[in-house]
Amino acid sequence: MRLLRHLQHWLSGQGPLLHVADFVPETHSIRQWADTFPWAPLVEAIETNFAQRFPKPSNRGRRPVATRVLLALELLKHEMSASDEQICHRLRTDLAIMYACGITAVRVDRSQVHFVLPQTLAQFRSRIDAALMDELVAIQAAAAMEEGLISPAHLLVDTFPAEQGSQRVTDATTLYKAQKKSSNSSHASHREV
């Protein structure tokens, strides 16, 4: 219920109460995507980092938008190749996006255009530095390994972006080819014996 408290000034409409998970099938790709993330440790890491780097001078004003919502929107924005405006609009209109953001129930006011303003999302993104991003990737990788989704042998991170289909040689590509060659040669030597 903590998440809803952060969004109560946006979600306090007079319409019927909708339970978001009831409208998003378990087979929906966004629901499956959202269910793979270790949200609690990711949110905790961000909140701890922000509290140290951006101390809050006062408790006046509205409550901030929940970190879980902003993190999910930022990740979805990149996953869906959307703009801030587009993803914030989809939060208002798409129950699967609400599910991914951890919103369990809504009572929507039809006159509201956004739950989260695009400027709020941009400000959140500007606060994520390289050290925090590394920590978030480590948390996600550890959770994926713990769930058995990946093994350390298959975990390669290429931090240099390239166009899809690019022939650019990277350290990750070189390592993968070396591991594959080593694996193939060890299989060949076992066949000869």
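The values are calculated or read from the model by the stated rules, or taken from the named source; none is laboratory data. Since this is a predicted model, take the numbers as computed values, not measurements. Backbone-built Cβ (ideal geometry, glycine too); neighbour counts: all protein chains shown. The area values use the complete protein model at the heavy-atom level, side chains included, leaving out ligands, DNA and RNA. Shrake-Rupley method; radii C 1.70, N 1.55, O 1.52, S 1.80 Å.
Overview of values
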{"read-out": "Top-ranked residue of the range 30-49 - restricted to ones that are farther than 27 Å from residue 129 by Cβ and without any contact (Cβ under 8 Å) to a residue 40 or more places away in the chain, ranked as nearest to the chain's Cα centre (by Cα)", "value": "35"}
{"read-out": "Residue in the range 71-101 that is least open to solvent (accessible area, probe 1.4 Å), counting only those that are among the charged types (D, E, K, R) and either within 13 Å of the chain's Cα centre (by Cα) or farther than 24 Å from residue 129 by Cα (or both)", "value": "74"}
